[in-house]
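Asks: I have a structure I would like to understand better, so I am pasting it below and will then ask my questions one at a time.
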Amino acid sequence: MTREEIVALVGSVERAFGTHDVAAMTAPYAADCVVESRFAGTVHGAAAVAQVWLAWFAAFPDAAIVTEDLLVEDNRAVWLVRMSGTDTGGFMGLPATNKPFTVPIVLMYTLKDDHVVHERRIYDFTGMLIQIGVLKAKPV
């Protein structure tokens, strides 16, 4: 894929995220893709990726992202976003806390034949859980 095609692919995912259109968000993923995240572990296949996003949006119906940077090199992309949301749907089987979070997230993509074949999501999962009140932290 060209740099322009990768930028367009990421842009399509970003626009779909803005409307929580999970089908459009996962359309660029290969049927046998692998996605690694702290929330869902390692999932295989575009259908499984869609289920992760559906669970995320159920917990955080107001989830939003803002792109901070996008780096593209050959068939790889690193997308830095700032995600925010409010736990109004309940997260990981726990009752809703109605508390907001904001975290930077790094999404690392490997692309092949116009599809995402591998994605790794890196973010401060513990920090997010503290922000929404699921975990408590001792003041320093």
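Asks: 222 nm [θ] for the chain, helices only, -39500 (n - 2.57) per DSSP H run of 4+, per residue, to 500?
Replies: The per-residue figure over the chain is -9000 deg cm²/dmol.
Asks: Okay, next question. Quick one: net charge of Met1's neighbours, Cβ under 12 Å, K/R +1, D/E -1?
Replies: For residues surrounding Met1, the net value is -3.
Asks: Between region 124-140 and region 12-52, how far is it from one alpha carbon centroid to the other, in angstrom?
Replies: Answer, in whole Å: 26.
Asks: Continuing with the same structure: Evaluate 2.2 N^0.38 Å with N set to the residue count of region 15-75, then give the Cα radius of gyration divided by it. Working shown, then result.
Replies: On the way: Rg = 12.3 Å, N = 61, 2.2 N^0.38 = 10.5 Å.
In units of the 2.2 N^0.38 Å rule of thumb, it is 1.17.
Asks: Note down the Stokes-Einstein diffusion coefficient of region 3-131 in µm²/s, whole number, using a Kirkwood radius over alpha carbon pairs, 4 °C, and 1.567 mPa s.
Replies: On the way: Rh = 14.9 Å.
In µm²/s, the coefficient is 87.
A short reminder: the numbers here are calculations on the coordinates, not readings from a lab. Small disclaimer: the values here were computed from a predicted structure and weren't measured. Heads up, the Cβs are rebuilt from the backbone with ideal geometry, glycines too, and the neighbour counts pull from every protein chain shown.
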